[in-house]
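The values are calculated or read from the model by the stated rules, or taken from the named source; none is laboratory data. No experiment lies behind these values; they were computed from the predicted model shown. Cβ atoms come from the backbone with ideal geometry, glycine included; neighbour counts cover every protein chain shown.
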Amino acid sequence: MKNYIIKIAIAILSIVSIQSCIKEDHFGLSKYGNIKDLVVSNQASNAKIDSDGLKVTVEIPGGVDLSEINIQSLELSSFASSDKQVGDALDLNTPQTILITAEDGSVHTWTVLSYVASVTPQLNNGDFSLWYKTASNYYEPGESASNTIWGTGNQGTQILNKLATIPEDLGADNLAAKMITLDNGKLAGTFGAPISAGSIFTGVFNPDNIDPSNPQAAIEFGIPFVGRPEKLRLKYAYVPGDENKDKPGNMLDYPDACDIYALLEIRLGGKTERLATAWVRSSETQEALTTLEIPFIYGELDNSYPNYMRPLGQNFVGADSASFVLPTHITFVASSSYDGANFAGAIGSVLIIDDVEMVYE
């Protein structure tokens, strides 16, 4: 599924001339001195960025020594610089300041705050009640571009004036996420991208990092997360399209299916290991929203589980620690066509999800 999102974005972007990304410094010397993202050691969720108040709030698990917090990633406005660098220490027992100097020389004083993480964390905006309008005039899930844990493939497909992931109004001010497998048309098919499967995931699609020689550079999957849930619970509805086809357009003798899964991971020292897996792949028609519970399987998957549930290029966490260790990240993915990595699927397949939550004992 991850590879599908990467491939569809790159293939579609190759159809048109890629315009330069609009930066904050569009004319003259930029006055912007913003922190766009901050990651620190032991962080339990995405940082909350308040650009108006010049504040960043990070969630740290209880019991962590706040005087020994290190900056792991710091993303700034274009051409801005900081008095703090990756690797520098922050004593978050008290509010800390980071001075950001914009391209025009103006200095912006940011404050970094912390709070204690919940032992039973949830995914922010898991009910998909919040959607923000992008600069390209379409909607993405979240409070804003700087404060969302959710990404979609829309940044690639909107170039073709197509949106495969959209908000669904369920009535009574209740929104959900709707994913649709779309026909990209003959031209896109010529370039190897005949369909777009709707998808939503924890992470970001970063158009500034598009690199045809390294497609994975544009997709950053997963967010910080330190809980050990027992189950993944959500509401879903799914109707597969009528004609399931492979990439060349040949009819397949089996129906399309949706994918819904969550992976708990430990990312340390540049290495990622799988701690737990919760996964459902289904071709059954479910027209009305119904509650689905998927158990998390901690540790290595035995041979009774299908191969697609196993990690590629990664290992499982060792059996000696899988029963108690906390994850550092969670990757959640949902898609209207499971085999989008091979550009196979049924046009018209529709998946709706709502009220995603982690269930603890």
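Some notes on this structure:
- Boolean, residue 352 is among the β-branched types (Val, Ile, Thr) and out of contact with any Ser or Thr (no Cβ under 7 Å at 6 or more places or on another chain): yes
- Yes/no for residue 266 being more than 30 Å from residue 189 (Cβ to Cβ) and within 24 Å of the chain's Cα centre (by Cα): yes
- For segment 307-332, filtering for residues that are in contact with a helix residue (DSSP H, G or I) (Cβ under 9 Å, 6 or more places away or on another chain) and surrounded by 11 or more Cβ atoms within 10 Å (Cβ to Cβ) leaves 2.
- Cβ-Cβ contacts under 7 Å between residues 6 or more apart (or on different chains), taken from a first residue in segment 74-85 that is within 13 Å of residue 99 (Cβ to Cβ) to a second residue that is acidic (Asp, Glu), are listed as 80/103.
- Residue within segment 102-119 that is farther than 30 Å from residue 235 by Cβ and touching a Phe, Trp or Tyr at 6+ places or on another chain (Cβ under 8 Å) present: yes
- Residue in segment 292-335 that is nearest to residue 44 (Cα to Cα), counting only those that are in a strand (DSSP E or B) and among the aliphatic types (A, V, I, L, M): 330
- Filtering segment 224-255 to residues that are hydroxyl-bearing (Ser, Thr, Tyr) and assigned to a strand (DSSP E or B) leaves 236, 238.
- All conditions but one from (1) surrounded by fewer than 19 Cβ atoms within 10 Å (Cβ to Cβ); (2) touching a strand residue (DSSP E or B) at 6+ places or on another chain (Cβ under 9 Å) apply to residue 200; the one that does not is (1).
- When the residues of segment 340-361 are filtered to those that are surrounded by 22 or more Cβ atoms within 10 Å (Cβ to Cβ) and modelled with pLDDT under 95, the one that is nearest to residue 298 (Cα to Cα) is 340.
- Of the residues in segment 256-267, not one is more than 22 Å from residue 240 (Cβ to Cβ), touching a Phe, Trp or Tyr at 6+ places or on another chain (Cβ under 8 Å), outside any loop (DSSP other than H, G, I, E, B) and of a type in the set (Val, Ile, Thr).
- Meets criteria (in contact with a strand residue (DSSP E or B) (Cβ under 9 Å, 6 or more places away or on another chain) and assigned to a loop (DSSP other than H, G, I, E, B)) for residue 338: yes
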